[in-house]
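Structure first, then comments.
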Amino acid sequence: MEEGLHGLVDGHRLVVACGAGGVGKTTIAAAVGAAAAARSPRRVLVLTVDPARRLASALGMRQLGNVEVRVPAARFTEAGRSAAAAGELWVAMLDTKQSWDDLVRRHAPDARTRDAILANPLYRNLTAKFVASHDYIAAERLHELDTEGRYDLVVVDTPPSRNAVDFLDAPARMAEFFSSRLLRWLIAPYRSRLVTAASKPFFHVADRVLGAQFLADIAEFFILFRTMYDGFVERSRAVERTLHDRGTSFLLVSTLEAAPAREAELFAAALAERRYRLGGVVLNRTLPEGLTTSAAAASAATLRQGAPSLGQALAADVGADAEDVARVLREVADGFANLAASAADQERRAARLEALRPEALARAPVLDRDLTDLAGLLALADLLGA
């Protein structure tokens, strides 16, 4: 705990940043990875699956894609760090469609099946737009990078799912779906050309509503994908083994607003239920703890009470009407009181997250500017590692 996140990152080869959408996972993941590369001669990859493409912006790069790109060593020098002492920082952004295509090319049983899957209209739509496919392929890519062993550390920014737990369950759900009774019932008529009496009404209505070609595309897609079923099951288990490995740690990122903090607690419970390791918690965009002191509250109350006399005393110095100055002082005092109330609420939620007892706990304050360069990310990492 004393070493902040530095100790956590130094002891693992795979760090999975997770949490609700909009809490700053991408920025935190980039900062953690950049600091790891700056502090030791390791080869570090930061993989973001956030479609907002903020990682490229934060590193001063035009765009990122499925292929890893190295951040020039000169960027560390520009950020005031020794390039000689630094390792290598690589970055990539998951391209869901491209990753699915690569998966099919690697694991299809033959060229004919591969080409038929890639050309199937349903496949193209599902892999481009289906949210669950994003979660699944992210888990696949994570496992692929870990097993390749080309990097000493991989920091993964998980998808902005409606439910962060979807990422954990995506591989198993995908395997279960391809072995489900519903799927077998759907494709059976197209395999055998025999439609049972029970299924005739469904297919008659479906043909009229959806069209025979649409049903045929669905059936073809699932029949083709079933040829890779054994591979899905095997890789699903392999992904789970990777996530359970001692070299893997989860980094839970949350702001201290009510909804994200509650989702963070639920996610931590889900990790514990699945026996995954909660290595660290980052409380992001926190208000200063000093706002909640009794001295600060007393000062705000005194300012509001003394606004009329202070306004009279300051009016000449600021060249304004005394009542206008007093009104501004009252608004400042009220604003501080509201901010202090928000900070007190945050501290109560922070205590609940601290009670999760992670290996490392860090706070990142509310910043007055966007992080658009490596220097900003490293400065943030210094706060997190302190």
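Bear in mind these aren't lab numbers, they're just calculated from the coordinates by the rules spelled out. Remember, predicted model here, so these are calculated numbers, not experimental data. Quick reminder, even Gly has a Cβ in these numbers, built from the backbone with ideal geometry, and neighbours come from all protein chains shown.
Specify the inter-centroid distance of the range 92-109 and the range 335-374, based on alpha-carbon positions, in whole Å.
Computed from Cα coordinates, the inter-centre distance equals 38 Å.
List the relative contact order of the range 290-348 as a percent without decimals, with contacts defined as Cα pairs under 8 Å and 6+ residues apart.
After rounding, I find 41 percent.
Counting Lys +1, Arg +1, Asp -1, Glu -1, what net charge surrounds E331 among other residues with beta carbon under 14 Å of its beta carbon?
0
Two-decimal Rg/Rh of the range 260-325 from alpha-carbon positions, Kirkwood Rh?
The Rg/Rh ratio comes out at 1.41.
Along each of its three principal axes, how wide is the spread of alpha-carbon positions in the range 290-348, in whole angstrom units, largest first?
The principal-axis extents, from largest down, are 43, 15, 15 Å.
Residue by residue through the range 166-171, which ³J(HN,Hα) values in whole Hz follow from phi under the Karplus form 6.51 cos²θ - 1.76 cosθ + 1.60 (θ = phi - 60°), with glycine and proline marked x?
My calculation for the range 166-171 gives 4, 4, 5, 8, 4, x Hz in order.
Kindly provide log₁₀ I(q)/I(0) values, in the same order as q = 0.14, 0.23 Å⁻¹, from the Debye equation applied to equal alpha-carbon scatterers of the range 267-386.
Computed log10 I(q)/I(0) values: -0.79, -1.19.
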